[in-house]
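Before any comments, here is the structure.
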Ligand code: ADP
Ligand code: MG
């Protein structure tokens, strides 16, 4: 698959969504200090939309006249892009709408897609305002690539789309519990990890996946690989024998956060879900070592017996009874059985 598609026209017109509440609440200040002039000088005509509440961007994207814009760009964390992508796929003309180039400027506390796009461009890892400026340049250059999107089915029958991650157990708990350290910016995940390590627990559930190579990838929805959630997985799926976990993390891009390189060999449109799980029995210190190694993407080299990695096309998670947290792109979704399938290169993103 040829990943690089085309360039944005010049001059180009973008609709820029800024979430003033994201991260430390500085996205608008960062726009004024770093982005506005950069876009003007590069001839990027843009209309600024400051979001007023959760799902505001999602609602606007459902109705916007897409013929007026060459790209939709968000300046926030990953949560706002999650809204925009789901808004596009909820449109009756989703097939056309999902081809709208998307751009990301890191203004939140969880800027994983921005970090991933920056990583694929081949330059060394940066964070904070340096990452913002780098993503600003990529936006001005306007090269558009395919990006994998993942479709998710919840037990209520709801279906949604994800561009980044699906997490359960340790990582999902840290994601949600660390909201209260949001004033710390991207460091909220480090703080959250240390707090959660102190009260490490086991999560019971069943995990199954369709390994790479078991089926050809199919373009676009519908989800041809997924059986109904109430029926057992087909015979070509792998049933994970363990049912006691510390975490399950399915990555669609490389970075889980600005400084967490969870899936080093992931690429924008590789057609894989990079599945990681850690089984129960791992010590606190070994788990801490995994997260420290993840800053450089070296966690797979630690030879930890409890960490399993597989490239998959679809997976199903059935958490045991009780309450818990599942996050999709860092946002909380309904807790219960969940099934996902990757759609290779369905979306488009401005990248390096
Ligand atoms: P962060 O990385 O800091 O968490 P996100 O982009 O993930 O930033 O945004 C966090 C949440 O805020 C998301 O659920 C998003 O939908 C929501 N949101 C968007 N705009 C607003 C707003 N104006 N006020 C409050 N919440 C908002
Ligand atoms: Mg977020």
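FYI, it's all coordinate maths here, none of it is from the lab. Computed from a predicted model, the values in this text were never measured in an experiment. Virtual Cβ from ideal backbone geometry, glycine too; neighbours counted across all protein chains shown.
For the chain, what does the relative contact order come out to in percent, with C-alpha contacts under 8 Å and a separation of six or more? The value is 23 percent.
Just order 56-62, 83-89 by mean Cβ neighbour count inside 10 Å, highest at the front, would you?
Peptide ranking by packing, descending: 83-89, 56-62.
Peptides 102-114, 255-267 ranked from most to least packed, by the mean per-residue count of other Cβ atoms within 10 Å: 102-114, 255-267. For the range 202-352, the relative contact order is 32 percent, taking Cα pairs closer than 8 Å that sit 6 or more residues apart in sequence and dividing their mean separation by the residue count. What angle do you read, to the nearest 10 degrees and between 0 and 90, between the alpha-carbon axis of helix 284-294 and the longest principal axis of the chain? In the chain, helix 284-294 runs at an angle near 30 degrees to the longest axis. FRET efficiency for the pair residue 90 and residue 303, taken as 1/(1 + (r/R0)^6) with r the Cβ-Cβ distance and R0 = 41 Å, rounds to 0.40.
Counting neighbouring beta carbons within 10 Å and listing from fewest to most, the residues 148, 65 come out as 65, 148.
Which angle between 0 and 90 degrees, to the nearest 10, do you get for helix 78-89 versus the longest principal axis of the chain when only C-alpha atoms count? Taking the Cα atoms of the chain, the angle to 78-89 is about 80 degrees.
In this simple spin-label model, placing a label point 7 Å from the Cα along the Cα-to-Cβ direction at both residue 40 and residue 318 gives a separation of 5.9 nm.
Give the peptides 275-282, 174-181 in descending order of average Cβ contacts within 10 Å, highest first.
275-282, 174-181
Ordering 165, 67 from the fewest to the most neighbouring beta carbons within 10 Å gives 67, 165.
Against the main long axis of the alpha-carbon atoms of the chain, helix 188-198 sits at an angle near 10°.
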